[in-house]
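What follows is a short report on a single structure.
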Amino acid sequence: SEAGIMEKVKVYGDKGKTKLNEFSASIKKELNMVVGKAKELGVPDLAPTLTPLGEKIGVTFESTLILAAAAIAAVGLLFLWITGLLKSLIPAASICWYMYKSIKALEEGEQAVTVYLMYWVVLYFLIIVEQTPFGLILKTVPFYPLLRLAGLSMVGMPQTGAALNLFETLTGKTACTSEGPETSSPKTGGTLLTVKIISAGPFPSDSPPDAFVTLTVVPRGGKANEGVEGLQFKTRVCKGSAQPEWNETIKMRPLASLDADLVVTVLGHKQIGHSNDKLGECKTSLADLEMDGESEKLDLQMDGAVGSTLSLELGISGASAI
């Protein structure tokens, strides 16, 4: 009946509003930054207009802001489609987006850089093919531009796993990704140092950092050997937390000598073009670790971060360990 249909519409509408409010709450910090930047550029305060509108439809101010932005974007896309500019703008916007993501992955030391490199490999392979006679055949395929865009998007999204599967198919090797809890050095054999970075802090809660950790093995003599000594390993970035937790395991091999220190530095990630903030640093000796023994849990006080500690686990094993 009509009443039953309207009741279902109301139920689905309420669920949609709840989901939208949850999503807007999860990115409230970013939305506030956008509003602040808009005010700096001279845009009038949006709250007096959007807040009453949000109350009428039953969503928060942040949700109303998202709906307003989506409406403006839809009108803009419609205009671009009518004028014929959309066809050329979408590929340009896609390339700019993946340029940005590639730079961010390289800057942060993310192993997901494999995904973005595979995106560029596939993109330029398609460009080369499209310059051949076979490209003329491809362009006769119905909806080819959309299929091309969808395929490239699948490759360029780490969540799909398409890029990693393609990489493994082409090279026969397994790519290491930052999505999992474990990162390994590329070399095999030799003494293995296993470091699990658990957490750090507390840091100021009024401006919680986007924190990540770097690990470097420094020989006591000051000279780097031909193993992992002197190489820098990084964790993922833990965004906006006064008490960041990584629970990330990093395996470093080969370790040429135990007569070395492990230097652990916690950094606050900054945007491209700005230096990362040094939040704290600590150093621990590897000489006292027991070969093939149980991992040792340490809570280390960090220099440069009063009252803050770094929690980690250290273990060392011989050449037969995997």
* **Residue-by-residue Karplus 3J(HN,Hα) for the stretch 241-251, coefficients 6.51, -1.76, 1.60, Hz, glycine and proline x** => 10, 6, 9, x, 10, 10, 6, 10, 9, 10, 9
* To do: Among the lysines, select those whose C-alpha is under 17 Å from the C-alpha of LYS29, and discard any that sit fewer than 8 residues away in the same chain.
  => LYS37, LYS39, LYS239, LYS270
* Would you work out what percent of the accessible area of the stretch 1-140, with all protein chains in place, is carbon or sulfur (probe 1.4 Å)? => 73
* Asked: If the cut-off is 21 Å between C-alpha atoms, which lysines fall inside it for LYS87, apart from same-chain ones fewer than 8 positions away?
  -> LYS139
* Kirkwood Rh and Cα Rg combined as Rg/Rh, the stretch 1-96 -> 1.08
* Asked: Taking the Cα centre of the stretch 242-322 as the origin, how large is its charge dipole in debye, to the nearest 20, when only Lys and Arg (+1) and Asp and Glu (-1) carry charge on their Cβ atoms?
  -> 400
* Structure fact -> Nearest-0.05 FRET efficiency for GLU245 and TYR124 at R0 = 30 Å, using Cβ-Cβ distance, is 0.15
* **Test item: Cα-centred dipole of the chain, Lys/Arg +1 and Asp/Glu -1 on Cβ, debye** => 1300
* If the cut-off is a Cα-Cα distance under 22 Å, which lysines reach LYS251, setting aside same-chain residues fewer than 8 apart in sequence? -> LYS173, LYS187, LYS196, LYS223, LYS234, LYS283, LYS297
* Asked: So how strong a dipole does the stretch 1-140 carry about its Cα centre when Lys and Arg Cβ are +1 and Asp and Glu Cβ are -1, to the nearest 20 debye?
  -> 200
* What's the longest piece of the chain with no exposed GluC sites (Glu not before Pro), counting a site as exposed if DSSP puts it in a loop and it has at most 15 other beta carbons within 10 Å? -> 1-178
* To do: Can you work out the accessible area per residue across the stretch 29-164, with the rest of the protein chains kept in place, probe 1.4 Å, in square angstrom?
  => 65
* **Positive dipole terminus of the stretch 235-290, leading residue within SER257, THR284, ALA242 (C-beta point charges)** => ALA242
* **Cα centroid separation, the stretch 116-157 to the stretch 34-103 (Å)** => 28
* For GLU22 and ILE103, what is the calculated FRET efficiency with R₀ set at 25 Å and r taken between the beta-carbons, to the nearest 0.05? -> 0.25
* Long-range amide H contacts for ALA260: which residues qualify at under 5 Å (H placed 1.01 Å from N, peptide plane, sequence gap of 5 or more or a different chain)? -> ARG220, LEU286, ALA287
* Please find the FRET efficiency linking ASP292 to ILE72, where r is the Cβ-Cβ separation and R0 is fixed at 51 Å, and quote it to the nearest 0.05. => 0.25
* Structure fact -> One would report the antiparallel percent of DSSP beta bridges in the chain, rounded to the nearest 5, as 90
* Quick one: what are the phi-derived ³J(HN,Hα) couplings along the stretch 7-20, Karplus 6.51/-1.76/1.60 with θ = phi - 60°, whole Hz, x for glycine and proline? => 5, 5, 4, 5, 4, 5, x, 5, 5, x, 5, 4, 4, 5
* Structure fact -> quick shape note, the chain: Cα extents on principal axes in Å, largest first -> 74, 58, 47
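The values are calculated or read from the model by the stated rules, or taken from the named source; none is laboratory data. Every value quoted in this text rests on a predicted model; they were computed, and no experiment measured them. Glycine also receives a Cβ, built like all others from the backbone with ideal geometry; neighbour counts cover every protein chain displayed. The area values use the complete protein model at the heavy-atom level, side chains included, leaving out ligands, DNA and RNA. Shrake-Rupley method; radii C 1.70, N 1.55, O 1.52, S 1.80 Å.
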